[in-house]
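Undergrad: One structure is given below, represented as structure tokens, and several questions about it will come after.
The values are calculated or read from the model by the stated rules, or taken from the named source; none is laboratory data. Bear in mind that the values here come from a model prediction, so they are computed numbers and not experimental data. So basically every Cβ, Gly included, is an ideal-geometry build from the backbone, and we count neighbours across all protein chains shown. Please note that ligands, DNA and RNA were not included when accessible areas were found on the heavy atoms of the full protein model with its side chains. Shrake-Rupley method; radii C 1.70, N 1.55, O 1.52, S 1.80 Å.
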Amino acid sequence: MPDPQPSDDALLRSLAERDLGALAALYDRYGRLAYSLAYRILGESESAEDVVQDAFLSAWRGATGYRRERGNPRAWLLSIVHHRAVDILRRKTTFRPAPLEAAELQPGDEDTAVSAERNVEHKTVRDALEGLPPAQRRTIELAYFGGYTHVELSELMGVPLGTVKGRMRIGLQKMRRVLERTR
Amino acid sequence: MNEHVIDDLDAYALGALTETDAERVAAHIAECSPCRAEAAALAEVVSTLPDAVPSREPSAALRDRLLAAARAGAVVGRRPSPVPWSLGRVRLSRVGLAALVAAVVVLGAVDLDAYRRLDTAASERNDLYATLEGLRQGGRWWYMAGKDAFAGAGGTLVDPRADGYAPFVLFHDLPPVASGKVLTVWLVSPDSTWARAASFHPNGRDLQAVPITMEVSGFDRCAVTLEDSSWGARSGQVVMESRIATAPTPAVP
Ligand SMILES: [Zn+2]
């Protein structure tokens, strides 16, 4: 009997062999997450959908260029989504409002239909982020969701570039340890 | 080897570098395995951040659009013989770019609306002028006018002849074809051998770029036929064609 849940790595190998079924499976697995990310960055559904379509097509065409040693398939796919969304954001405007802090990460409009497993994942990441000191958390959020470069953040937050880098470094290392513990 | 980039790896993983800095880091990572391992670990940490955002459902149509676009690309990408170079992401993206330039050529003017009608990414449109420059340095193209049922339609075979730019045909106003039929682009050599260069379905838009998976040089004619299959020898009727060997190389407007 064929494996009903092929691994991400297996899906990517099939993608490289031009298997449309693998693309559909990958979309079913990560389309919603990719869209949520793009929407969070762009705040608008039409361009968020464009970004997701663009990113999955780019993965479809570029799957042969994927290298496992650069990160897992999920990280690769989401980095394409992120890159495209931020690219659009940076072109769209030179001024981006700073995202709200606590309110942004409340599960206000969370769909209750998401699986229990995913909710656990969501909660773990939220807890890991919320466990960070505010300055580290805000630096990471503004960089990743706000599309700010570290140089821009240094100006925006009024701290030296080295401080921004330090906050990113320490914040990500803390998250890494938290996530490793729960794996 | 260049200096390690440890200092910038966190910002790199978060996508918080300028393009120039990100390229510098990527170049270093490609050659340095300790930095590469650290970057991969950070990329996986960062890839959990989307789990922290409110979950949203895209429209159901997005899935269909994505699969249709991939399927159209898959037909175009199918090829009868091994290709001399990889048809990777960069190259296909270049095809998209070059198609934009050809839209200018075909329409005889800088028609901004034509760019929007092309099914291509905004980021590619922004690189239009770089590509135009590539074509300016020695690209060639030939126009094929449609006949009979294809009167009013046409296609421009573009051979950019620049590194990183694949040949392609930019079609306009293609009529729909019966289900089960495919359009096939052929390159015909001086000894009348027909080589299949691409098979595709019209996408229903008024402009459509179709990548060609072989070098154009060495052939003296290109043609498009309506076939029953994406494989095998030519059997269908010619719907458009052009001589390509002796045509003069026009100047880029
Ligand atoms: Zn290094």
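Undergrad: Might you let me know whether the stretch A:14-26 holds any residue that is facing chain B (nearest Cβ under 7 Å), open to solvent by 40 Å² or more (accessible area, probe 1.4 Å) and under 25 Å from A:Ile140 (Cβ atoms)?
TA: no
Undergrad: On to the next question. So, in the stretch B:186-238, how many residues would count as being over 18 Å from B:Phe171 (Cα atoms) and part of a strand (DSSP E or B)?
TA: Summing the residues that are over 18 Å from B:Phe171 (Cα atoms) and part of a strand (DSSP E or B) in the stretch B:186-238 gives 3.
Undergrad: Inspect the stretch A:54-69 for any residue being in contact with a Pro (Cβ under 8 Å, 6 or more places away or on another chain) and not in a helix (DSSP H, G or I) and give the result as yes or no.
TA: Yes, because at least one residue in the stretch A:54-69 is in contact with a Pro (Cβ under 8 Å, 6 or more places away or on another chain) and not in a helix (DSSP H, G or I).
Undergrad: Something else: Taking the condition of being away from the ligand (no atom under 14 Å from the Cβ) and either within 31 Å of the chain's Cα centre (by Cα) or β-branched (Val, Ile, Thr) (or both), how many residues in the stretch B:39-51 meet it?
TA: 7
Undergrad: Can you confirm whether B:Pro54 is within 15 Å of A:Leu78 (Cβ to Cβ), more than 16 Å from the ligand (Cβ to nearest atom) and either buried (at least 16 other Cβ atoms within 10 Å of the Cβ) or at pLDDT below 95 (or both)? Can you show your working first?
TA: Values: within 15 Å of A:Leu78 (Cβ to Cβ): no; more than 16 Å from the ligand (Cβ to nearest atom): yes; either buried (at least 16 other Cβ atoms within 10 Å of the Cβ) or at pLDDT below 95 (or both): yes.
No; evaluated as a whole, the condition is false for this residue.
Undergrad: Just for the stretch B:10-38: of the residues that are near the ligand (Cβ under 9 Å from one of its atoms) and assigned to a helix (DSSP H, G or I), which one is most open to solvent (accessible area, probe 1.4 Å)?
TA: B:Glu31
Undergrad: Could you pull out the residue among A:Tyr30, A:Tyr35, A:Tyr66 that is out of contact with any Cys (no Cβ under 7 Å at 6 or more places or on another chain), at the interface with chain B (Cβ under 7 Å from one of its Cβ atoms) and aromatic (Phe, Trp, Tyr)?
TA: Working: A:Tyr30 fails: at the interface with chain B (Cβ under 7 Å from one of its Cβ atoms); A:Tyr66 fails: at the interface with chain B (Cβ under 7 Å from one of its Cβ atoms).
Going through A:Tyr30, A:Tyr35, A:Tyr66 in turn, just one is out of contact with any Cys (no Cβ under 7 Å at 6 or more places or on another chain), at the interface with chain B (Cβ under 7 Å from one of its Cβ atoms) and aromatic (Phe, Trp, Tyr): A:Tyr35.
Undergrad: State yes or no: is B:Trp186 among the aromatic types (Phe, Trp, Tyr) and within 14 Å of B:Thr156 (Cα to Cα)? Before the answer, list the steps.
TA: Numbers: among the aromatic types (Phe, Trp, Tyr): yes; within 14 Å of B:Thr156 (Cα to Cα): yes.
So B:Trp186 fits the description; yes.
Undergrad: I'd like the full set of residues that are of a type in the set (Asp, Glu), closer than 16 Å to B:Leu67 by Cβ and assigned to a helix (DSSP H, G or I), limited to the stretch A:1-43.
TA: The initial filter retains those residues of the stretch A:1-43 that are of a type in the set (Asp, Glu), namely A:3, A:8-9, A:17, A:19, A:28.
Among the residues that remain, those that are also closer than 16 Å to B:Leu67 by Cβ are: A:19, A:28.
Passing the criteria: only A:Asp28.
Undergrad: Continuing with this model, one more query. Out of (1) away from the ligand (no atom under 16 Å from the Cβ); (2) at pLDDT below 90, the odd one out for B:Arg63 is which?
TA: Here B:Arg63 clears every test but (2).
Undergrad: Continuing with the same structure: Working only within the stretch A:38-55, note down all residues that are over 14 Å from the mean Cα position of the chain (by Cα) and facing chain B (nearest Cβ under 7 Å). Walk me through it before giving the result.
TA: Initially, the stretch A:38-55 is screened for residues over 14 Å from the mean Cα position of the chain (by Cα), giving A:43-47, A:49-50, A:53-54.
Correct list: A:Glu49, A:Gln53, A:Asp54.
Undergrad: Scanning the stretch A:126-167 for residues that are among the β-branched types (Val, Ile, Thr) and crowded, with 21+ Cβ neighbours inside 10 Å, which turns out farthest from the chain's Cα centre (by Cα)?
TA: Residues of the stretch A:126-167 among the β-branched types (Val, Ile, Thr): A:139-140, A:149, A:151, A:159, A:163-164.
Restricting the remaining residues to those that are crowded, with 21+ Cβ neighbours inside 10 Å gives A:139-140, A:149, A:164.
Values: A:Thr139: 15, A:Ile140: 12, A:Thr149: 16, A:Val164: 20 Å.
For the stretch A:126-167, the residue satisfying everything is A:Val164.
Undergrad: (1) under 18 Å from A:Tyr66 (Cα atoms); (2) in contact with a helix residue (DSSP H, G or I) (Cβ under 6 Å, 6 or more places away or on another chain): which one isn't true of B:Thr48, the others all being true?
TA: Answer for B:Thr48: the failing condition is (1).
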